[in-house]
Amino acid sequence: MHAPIQPKTPPLRRVRRALMLVAPLALVTPFASAQRGGASQSSVDVSLTSGYAKLGEEVRIVIRATVSGNREVGGLESIELPEVEGLDFGRVMGPSTSSRFEMDGRGRMVGTQTLTYAVAVAASRVGTFEIPRFPLRIDGRDITAPDAPMTLKVLEDIEGSRALVLELEELPARVFEGEPYTFDLTIGWSMGVRGGSVLLQVPWWGRQDGVIELQPQLTGAERGFPIDRRGRSELAVSDLGVRDRDGAPYQLYRLRRRFVATRPGTVSFPRTVLEVSRGRGRDALYQVVPEFSIEVVPVPEEGRPLDWTGAVGPIEVSRDAQRRDIDLGDSLELSVRYSGSGNLEFFEAPKLERVEGFERFRVLASTDEKTPFMRAIEYELVPMGPDVTEVPPIPLSVFDPESGGYVTIATEPMTIRVSGAASDEEDPFAGLGSGEVPEGRAPTLRDIQPRPVTTGPRSTGGGPGAGAGLIALLVAFGGWVTTRRAVRRSGDPGGRRARAKRGALGALRRELRGADGPGARALALERFLAARTGTSPGEWIGRSSLVGSVDGASAALERSFTELRERLDRAAYQGGAAAPGDDEVVALARRIVQEVR
């Protein structure tokens, strides 16, 4: 049962006053209805726009309520459309209103007002369909319409099936919760099709519950296809150019998107339609992908490891480090990369503090960059002694949909060399940062430089006494406090924030080497700006101005940043725009480093 619909009708008296000014023109208007003796007459008509349609072509049920006389027509309050296998009824559209006035036989002006509603009807297959009568309430009356069932015959568009291309790569009938799947659709038409417009109907787009669309992977030139008849919404597709098919040239495009279902259930895909108009009125060609669905099942509990963090699907792992020969006390930057068609964006990265073998490392920090086909995690590790000679494997538990079980993937162990003076202690870092010192052991203080001690008899001269020593101590303490305040105001040059600021440009270059698409470049730029300004990357999402966070930026730098950021966002989220390359992003970042301190 459709919700009540409020009529949108102009007051009849207002229309009557306006048309009284052109009463002579009303005399030549054809009579549609007549009023006798001031009584009002009303009627309701329900019909199809056509009894025949090509598969993919849309027809409509039209509902018209007409009143002739001195009252306004009441709107459609409720409607109960029937269920017909193979037909899909859209929402009620309207009303549209029309009014006209005529002179009756007695020389009086008689008004006629009509409200028109429409319901789109789409067929999922070829065949003959009977639409039974259905109840509705309109103009204050409960009726069942039409007088007899309506018949709709849907035929295959033979010419459209030859001239148009709409081919969907096979999708699995079943996926597991969290398992990504790819919708890969080839779209095109023969070069012999000329003129007119293109409409790609994807009624399921953005309306599937429990489904997340991953970042699109677009290749080559891009074009926006309208997906509604008013042209207000477009979908970015990749231009494949003109290609030969069966000895004839075709213009082809590709719509490729990846999705992941976040909960068990059924994901439905109503029919997808390609409509190409040839510019001659309603003459158009159609090609259809029939409706289908995918079943989403939960990941099994049986055999699930305790350390499983949600990884599903084919995933591969590799690791690398910029250098493996370090000094004792320095940090090692370990890069771990996950790739494949699994859900790389949705599992929790391994926490090395919980991984066996990393007890001999301090984990200072980590960064995590995510894209649909690549995930890069950078760990900053400090070996705890010169006897640490290897970075242990990093395991990850993954659910394998093909086998229906869990597997463990891991990085290869990596040999390293830690140079530095060995301590007699087993662990020279023991006790640091914990607030406790093990019994019989003191932490090694490597930064204290030894100084010679002068021995001999005490001087009996008039040197400074105990009071002078106390004053010197107080002055030194005050100077230390002042210095620490100045450091805190200006930032500790050895602190993590200062190191991140200094290394922001280098980190940006490293991230861009693995960036896959404009969305990943935008994320890398946000991380760079966060490191330079001491903020979080989230504060830069959607921002196209440096004002307020980067003081001292010139007007030229501000314009360059705004232009580049808007191009990145358009390419990442709208398509159809040329995305800035890595060199442009790095060049802008270098200007920010050079011009703004």
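The values are calculated or read from the model by the stated rules, or taken from the named source; none is laboratory data. What you are looking at is a predicted structure, and each value in this text was computed from that prediction instead of being measured. With ideal geometry, Cβ positions are generated from the backbone for all residues, glycine too; neighbour counts draw on all protein chains shown.
Details
- Among residues of the range 47-68 that are part of a strand (DSSP E or B), those with a beta-carbon under 9 Å from a residue that is among the aromatic types (Phe, Trp, Tyr) at least six positions away or on a different chain give the pairs Lys54/Tyr286; Val59/Tyr52; Ile61/Phe89; Ile61/Tyr117; Val62/Tyr117; Ile63/Tyr117; Arg64/Tyr117; Ala65/Tyr117.
- Residues of the range 381-394 that are in a strand (DSSP E or B) and either surrounded by fewer than 17 Cβ atoms within 10 Å (Cβ to Cβ) or in contact with a helix residue (DSSP H, G or I) (Cβ under 9 Å, 6 or more places away or on another chain) (or both): Leu381, Glu390.
- Residue, farthest from the chain's Cα centre (by Cα), within the range 71-100, restricted to residues that are aliphatic (A, V, I, L, M) and surrounded by 14 or more Cβ atoms within 10 Å (Cβ to Cβ): Val73
- A single entry from Gly206, Gly178, Gly220, Gly196 fulfils the requirement of being at pLDDT 90 or above and assigned to a loop (DSSP other than H, G, I, E, B): Gly178.
- Flag: Arg337 does not match the condition of being on the phi < 0 side of the Ramachandran plot, charged (D, E, K, R), outside the structural domain of Ala123 (by TED's automatic domain parsing) and at pLDDT below 90.
- Tally, over the range 127-183, of residues that are more than 29 Å from Val73 (Cβ to Cβ) and not aromatic (Phe, Trp, Tyr): 31
- Residues located in the range 374-403, provided they are touching a residue at least 40 places away in the same chain (Cβ under 8 Å) and more than 29 Å from the chain's Cα centre (by Cα): Glu380, Leu381, Val382, Pro383, Met384, Gly385, Pro386, Val391, Ile394, Pro395
- Single residue of Gly420, Gly357 found to be on the phi > 0 side of the Ramachandran plot, in contact (Cβ under 8 Å) with a residue 60 or more places away in the chain and of a type outside the set (Lys, Arg): Gly420
- Residues that are closer than 30 Å to Leu199 by Cβ and at pLDDT below 85 do not occur anywhere in the range 11-33.
- Applying the set (1) assigned to a loop (DSSP other than H, G, I, E, B); (2) farther than 30 Å from Ser403 by Cα; (3) assigned by TED's automatic domain parsing to the domain that holds Ala261 to Glu170 leaves exactly one unmet item: (2).
- Matching option when the condition is in contact (Cβ under 8 Å) with a residue 60 or more places away in the chain, out of contact with any helix residue (DSSP H, G or I) (no Cβ under 7 Å at 6 or more places or on another chain) and crowded, with 18+ Cβ neighbours inside 10 Å, among Arg263, Arg257: Arg257
- When Ala524, Ala555, Ala589, Ala500 are screened for being modelled with pLDDT of 85 or more, over 19 Å from Gln215 (Cβ atoms) and small (Gly, Ala, Ser), only Ala589 passes.
- Hey, Thr262 at pLDDT 90 or above, β-branched (Val, Ile, Thr) and within 23 Å of the chain's Cα centre (by Cα) or not: no
- Glu83 vs. criteria out of contact with any Phe, Trp or Tyr (no Cβ under 8 Å at 6 or more places or on another chain), touching a residue at least 24 places away in the same chain (Cβ under 8 Å) and more than 30 Å from Ser277 (Cα to Cα): no
- Among the residues of the range 47-66, those identified as β-branched (Val, Ile, Thr) and touching a Leu at 6+ places or on another chain (Cβ under 9 Å) are Val59, Ile61, Val62, Ile63, Thr66.
- Which listed residue, of Pro146, Pro132, is in contact with a strand residue (DSSP E or B) (Cβ under 9 Å, 6 or more places away or on another chain), farther than 25 Å from Asp283 by Cα, assigned by TED's automatic domain parsing to the domain that holds Gly51 and surrounded by 14 or more Cβ atoms within 10 Å (Cβ to Cβ): Pro146
- Scanning the range 119-145 for residues being without any contact (Cβ under 8 Å) to a residue 60 or more places away in the chain and within 30 Å of Val289 (Cα to Cα) gives a total of 8.
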